[in-house]
Each structure stands twice: as C-alpha cells, then as structure tokens.
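J.: Mind looking over this structure? Questions follow.
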Amino acid sequence: MNDHDLREAASQALTLLDLTNLKDDCTEADIRTLCHRAVTPFGNVAAICIWPRFVAYAAGILGDTSPVAIATVVNFPSGDMAVADVVAETETAIADGANEIDLVLPYKALMAGREAEAAKMVEAVRAVCPPVVKLKVILETGELKEKALIRRASEIAIEGGADFIKTSTGKVAVNATLEAADTMLHAIRDSGQNIGFKAAGGIGSVPDAALYLDLASTIRGPDWVMPSTFRFGASGLLDNILAALTGGHAPVSKGY
C-alpha cells in the first residue's frame, strides 16, 4: 500500500469509526478522554461506542450539537438476557442520550435451532427504538462459524428491522473476518434494502481496514461506503489512522 493510498484509506476510515471503550474496568475519566479523542484535527469519528452506564455522562460532555453519535451495547456480550430486560436496558439508554443501539443477537439460541427466540429479540428492541435511533445487530460471527448460520443470522436481523448488521462483540476468540463480512454483505445486497454493515473486533491498522472497504465497495458499489451504511468498531484503530495521516508511526492494535 503506497503512502497516498494509505492516507486516503485512513481519511475514509476516520469518518466511519465507532471509537470504542467496552473494557470491564472503564471509568468516567476514560469516557471523557474518549469523547475528546472523537474529534480530531482531521475530522470526527462517526460515533463513540460505550457501556450503557456511561451514556448520560458522555451526552453531557458531547452536548446536543455534537456530530459524534453515542452508541451503546445491550444484551452484551452474552446475548442471552431476557427480552424484557434488554428492552428496559434499551429504553434507559435512549432516554440517557444514546443515538445508536448495538444489540447482541441471541446467537446461542440460533445455534440451537431456536430461530424464533433470536427474531423476537430483534423485533422487540426495534419496537422501542424511534426511527432516529439506529439499531445495529451483532451476530457474533466467530461463534456462529458456519457460513449458512451467519447468512441466516443476517437475514433474521434484517427482517427484524436492523439498520446495520455487525460482525462481533470483540469479546470472543474470533471476531471480524473477511469471510464473515463477505457473507453479511451479500445478505445485505440480496435483501434489496439499504442496510449497513459494521466490522468490529480485531481491526487495528489502516491496511486491515482497507481490506474491508475494498470488499464492501466490490459487493455494494464504490459509492455505498459512508457513515450511514458502513462502520468500524475499534479502540486502537484511531491511533493508526492518525499516524497514517500525519506520517508518524503507531502500534497496531489487536483488541476491540
């Protein structure tokens, strides 16, 4: 990848980034730092992605006019909470100021053949998300493993009203892969709907990110990749993006 292509990919990836802190030991100080890092001299990230308990705090820092959305996670990371509890968690997060909800699909139920449970969760959470609130459904593709299961999970999420389908929680052994992304992007294309795609977990460098950008552009078209339809979920990718844009060097992150 030459320097020009690297900077171009970095500039694009910045606008598509959900800057994430879902560490178990996350503090308010960490959230304050995350909010400040979300706006850079080269532009802002698409969103921050944080635990529900920090949404109100982040909203107070960013304010009503911030271009940076607040995403939070529900049914996370296990995917096996009761529907009523996840609905309540979602309603509280939205009331606190969340603009985007990243819901873990009940992937274990799907793997056990209980498709209706997975569909019910997506539909119930969609029902309490106003149209202005984006619903991203996390499939946990590294656990589903099989292409057919990933495809079916994608279809269930799309049929249930997802605005995005997302690869992973970042909390399991295998997270985002190009193979899973390929299956998900084809499911989006075949649905005939303008559903977004989010690659999350393990994407720590601009060259890594560029592979997903190229894949999405190949399957969905060169003008499809934009913040309304494509996101990266990552914590360390921003350092690598900024290094590429300034000509410096940053360590490659392998975490969420």
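Each reported figure results from applying straightforward, stated rules to the coordinates on display, with no laboratory input. Please read all numbers here as calculations on a predicted model, not as lab measurements. Virtual Cβ from ideal backbone geometry, glycine too; neighbours counted across all protein chains shown.
J.: Long-range amide H contacts for residue 197: which residues qualify at under 5 Å (H placed 1.01 Å from N, peptide plane, sequence gap of 5 or more or a different chain)?
T.: Long-range HN contacts for residue 197: 165, 230, 231.
J.: How large is ³J(HN,Hα) for each residue in the stretch 195-201, as worked out from phi by the Karplus curve 6.51 cos²θ - 1.76 cosθ + 1.60 (θ = phi - 60°), to whole Hz, x for Gly and Pro?
T.: Rounded to whole hertz, the list is 8, x, 10, 10, 9, 9, x.
J.: Next question, about the same structure. Under a straight-distance cross-link criterion of Cα-Cα below 19 Å, which aspartates and glutamates are reachable from residue 120, leaving out those fewer than 8 residues away in the same chain?
T.: Within the straight-line limit of under 19 Å, residue 120 reaches these aspartates and glutamates: 80, 85, 89, 91, 102, 140, 155, 159, 163.
J.: Still on this structure: For the chain, give me the percentage of DSSP beta bridges that are antiparallel, rounded to the nearest 5 percent.
T.: Working: 2 of 32 bridges.
Taking every DSSP beta bridge with both residues in the chain, the antiparallel ones total about 5 percent.
J.: Could you please rank 129, 26, placing first whichever residue has the fewest other Cβ atoms within 10 Å of its Cβ? Before the final figure, lay out each step's value.
T.: On the way: 129 20, 26 15.
Lowest count first: 26, 129.
J.: If you don't mind, there's one more thing I want to ask. Using the Karplus curve 6.51 cos²θ - 1.76 cosθ + 1.60 with θ = phi - 60°, what ³J(HN,Hα) values do you get for each residue of the stretch 20-32, in whole Hz, with x for Gly and Pro?
T.: 10, 9, 10, 6, 5, 9, 4, 10, 4, 4, 5, 5, 4
J.: Provide the per-residue ³J(HN,Hα) series for the stretch 183-192, in order, calculated from phi with Karplus coefficients 6.51, -1.76, 1.60 and θ = phi - 60°, each as a whole number of Hz, with x at glycine and proline positions.
T.: So the Karplus estimates, Gly and Pro as x, are 4, 5, 5, 5, 5, 4, 4, 6, 6, x Hz.
J.: Mean residue ellipticity at 222 nm from the helices of the chain, using -39,500 (n - 2.57) per DSSP H segment of n ≥ 4 over the full residue count, to the nearest 500 deg cm²/dmol?
T.: Numbers: 11 runs with 119 residues, N = 256.
That comes out to -14000 deg cm²/dmol.
J.: Additional query: Report the longest stretch of the chain that contains none of the trypsin sites (Lys or Arg not before Pro) sitting in a DSSP loop with at most 15 other Cβ atoms within 10 Å. Don't jump to the answer; show the numbers that get you there.
T.: Values: sites that count: 23, 114, 145, 254.
By the stated rule (loop sites, at most 15 other Cβ atoms within 10 Å), 146-253.
J.: Sorting 191, 205, 168 on the 10 Å Cβ count, fewest up front, what's the list?
T.: Working: 191 14, 205 24, 168 27.
Taking fewest neighbouring Cβ atoms as first place, the list is 191, 205, 168.
J.: How big is Rg to Rh over the chain, alpha-carbon atoms, Rh as the Kirkwood inverse-mean-distance radius?
T.: Details: Rg = 16.9 Å, Rh = 18.0 Å.
Ratio value, two decimals: 0.94.
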